[in-house]
Amino acid sequence: MIEVTKKTVERAMLIALDTKEFSKETIEEHIEELEELASTAGAETIFKIIQSKRGIDPAFYIGKGKAEELAQLIELNEINIVIFDDDLTPVQVRNLEKLFNRKVIDRSGLILDIFASRAKTKEAKTQVELAQLQYMLPRLTRAWTHLSKQYGGIGTKGPGETQIETDRRLIRTRISLLKNKLEKIEAHRLTQSSGRKGFLRIAIAGYTNAGKSTLFNLLTEANVFAENKLFATLDSTTRALEIDETHKILISDTVGFIRKLPAHLIASFKSTLNEVRDADIILHVIDISHPYFEDHIKVVDETLKEFGSAEKRVIKVFNKVDIVSDKSLIDFVKNVYKESVIISASRGINISSLKSMLRNILNENVVEEKIELPLTASKKASQIHEYAEVLKTEYDDDKIQIIYRTSRENSEKIKKIIAH
């Protein structure tokens, strides 16, 4: 009989600091979200600790006295991982690990771990590895000697170099390699997107687990992985969507956002998140059933601002209405958020209203035009293909007649091309 070895579930203690910057309810919601992140990563939360303190202790984050008290609790309850809700400095991690004799990570490290386990494509894996190495670099201890076996190159600086210095150099070399790799991916993506300029482009964005991929699958009949977990999908996917017989748009599903998203992660996922930056319209999907959905809206709006997408036209799509029992909440959303629609992507409720809204936007933003060019202007004619969907081309004596459909923004660009 073959014995099946069960995967060991790590027993976790979660710690948040209450410095009175936020309300008690907000801090509690933050640590509840941290518990959900820990669960996604495969850990079982045994304790959730909120420490009230005026400021952050530079050596132990929560203060040495509280840390010593928790060390006993950790030992008695066989806790094997301690997770902090905020980023820790390398000094704090070293001091806490020495005192606890346990693995200590922060929210950023936890999110990076989840991304690493979820990455499936070559691009996602490259982006996550880059973010992880940039996160690890300042936190190096002697525990990182295994890197020399992975990446090679030891011995090129001579015998005077310490192991940590060697590891740092190896990581920097690997970071440089990964950055070059992502630059090539970005160049390839730009080449692909150049053929899409004639279409109105929509990006689906939102807080993680708001139902973005479920909505994307419903609209496009795609088969993007969707699961009721944080960060179920990391890769952006683009599909054509026919609103009706005459209107076609390109719609992209993107990675979810979350509060305190690691800066290294945002930077390394630049090529994926450019789908949001390059979109004409953003569908901001919101889980209306979540008690803190208004906080989630603020997090996403701030993140979009970071990408330079604050001026984009945004439609707020309030999802999961099928599990909302409080009808006054629906009235509140309708009154406060004007350009919005309330739906259930999982049950297909009110999707016709969303499509109708998109159709109206298309009618506002898409134009169909006809131009004439001399036969000698073949270069200009080819440039039109870059910015528009060419519907018809006719050659008449010494002229070319082109009928095309494009966005109003691209129409202005085409007019400038023709004028020069």
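Test LYS305 against the criterion of being charged (D, E, K, R) and at pLDDT 90 or above, and give yes or no. Judged against the criteria, LYS305 is not a match.
Screening GLN132 against (1) surrounded by fewer than 18 Cβ atoms within 10 Å (Cβ to Cβ); (2) at pLDDT 70 or above leaves a single unmet condition, (1). Of everything in region 17-32, what is part of a helix (DSSP H, G or I) and hydroxyl-bearing (Ser, Thr, Tyr)? Give them in sequence order. Once the filter is applied, which keeps residues that are part of a helix (DSSP H, G or I) and hydroxyl-bearing (Ser, Thr, Tyr), region 17-32 yields only THR26.
Any residue at all in region 278-293 that is in contact with a strand residue (DSSP E or B) (Cβ under 9 Å, 6 or more places away or on another chain) and assigned to a helix (DSSP H, G or I)? Outline the logic, then answer.
Here is the first cut: in region 278-293, the residues in contact with a strand residue (DSSP E or B) (Cβ under 9 Å, 6 or more places away or on another chain) are 278-290, 293.
Checking which are assigned to a helix (DSSP H, G or I) leaves us with 293.
Checking region 278-293: at least one residue is in contact with a strand residue (DSSP E or B) (Cβ under 9 Å, 6 or more places away or on another chain) and assigned to a helix (DSSP H, G or I).
When residues in region 311-320 are screened for being within 19 Å of SER344 (Cα to Cα) and either open to solvent by 50 Å² or more (accessible area, probe 1.4 Å) or free of Cβ contacts under 8 Å to residues at least 60 places away in the same chain (or both), 4 of them pass.
Report yes if LEU14 is part of a strand (DSSP E or B), closer than 30 Å to ASN209 by Cα and not small (Gly, Ala, Ser), otherwise no. For LEU14, the condition - part of a strand (DSSP E or B), closer than 30 Å to ASN209 by Cα and not small (Gly, Ala, Ser) - is met.
Residue-wise test of (1) open to solvent by 80 Å² or more (accessible area, probe 1.4 Å); (2) within 30 Å of ILE417 (Cβ to Cβ); (3) free of Cβ contacts under 8 Å to residues at least 24 places away in the same chain.
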position	(1), (2), (3)
ILE281	no, yes, no
THR303	no, no, no
SER309	no, yes, no
MET357	no, no, no
LYS370	yes, yes, no
LEU373	no, yes, no
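Picking from residues in region 255-277 that are outside any helix (DSSP H, G or I) and of a type in the set (A, V, I, L, M), the one that is modelled with the highest pLDDT is ILE258.
Mind checking whether some residue in region 111-130 is of a type outside the set (Lys, Arg), under 26 Å from GLU28 (Cα atoms) and touching a His at 6+ places or on another chain (Cβ under 7 Å)? Show your work before the answer.
Restricting attention to region 111-130, the residues satisfying the condition of being of a type outside the set (Lys, Arg) are 111-117, 119, 121, 123-124, 126-130.
After this cut, where a residue has to be under 26 Å from GLU28 (Cα atoms) as well, the list is 111-115.
Keeping just the survivors that are touching a His at 6+ places or on another chain (Cβ under 7 Å) gives none.
Within region 111-130, none of the residues are of a type outside the set (Lys, Arg), under 26 Å from GLU28 (Cα atoms) and touching a His at 6+ places or on another chain (Cβ under 7 Å).
Each row is one residue, and each column tells you yes or no for (1) at pLDDT 65 or above; (2) part of a loop (DSSP other than H, G, I, E, B); (3) open to solvent by less than 10 Å² (accessible area, probe 1.4 Å).
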site	(1), (2), (3)
THR214	yes, no, no
PHE231	yes, yes, yes
THR238	yes, no, no
LEU241	yes, no, yes
ASP244	yes, yes, no
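Evaluation of ILE323 against the conditions (1) open to solvent by 40 Å² or more (accessible area, probe 1.4 Å); (2) at pLDDT 85 or above; (3) under 25 Å from LEU250 (Cα atoms); (4) in contact with a strand residue (DSSP E or B) (Cβ under 9 Å, 6 or more places away or on another chain) shows that the sole unmet condition is (3). Residue pairs whose Cβ atoms lie under 6 Å apart, separated by 6 or more positions or on different chains, with the first residue in region 56-78 and outside any strand (DSSP E or B) and the second among the aliphatic types (A, V, I, L, M), are PHE60/ALA67; ALA67/LEU99; ALA71/LEU99; ASN77/ILE46.
Can you tell me how many residues within region 258-311 are under 20 Å from LEU219 (Cβ atoms) and of a type in the set (A, V, I, L, M)? Step through it out loud before you land on a result.
So the first thing to find is which residues in region 258-311 are under 20 Å from LEU219 (Cβ atoms), and the list is 272, 275-276, 278-288, 300.
Among the residues that remain, those that are also of a type in the set (A, V, I, L, M) are: 276, 279, 281-283, 285-286, 288, 300.
Number satisfying all stated conditions: 9.
The values are calculated or read from the model by the stated rules, or taken from the named source; none is laboratory data. Since this is a predicted model, take the numbers as computed values, not measurements. When we count neighbours, we look across all protein chains shown, and the Cβ atoms used for this are built from the backbone with ideal geometry, even at glycine. To get the accessible areas, we keep the full protein, side chains included, count just its heavy atoms, and leave off ligands, DNA and RNA. Shrake-Rupley method; radii C 1.70, N 1.55, O 1.52, S 1.80 Å.
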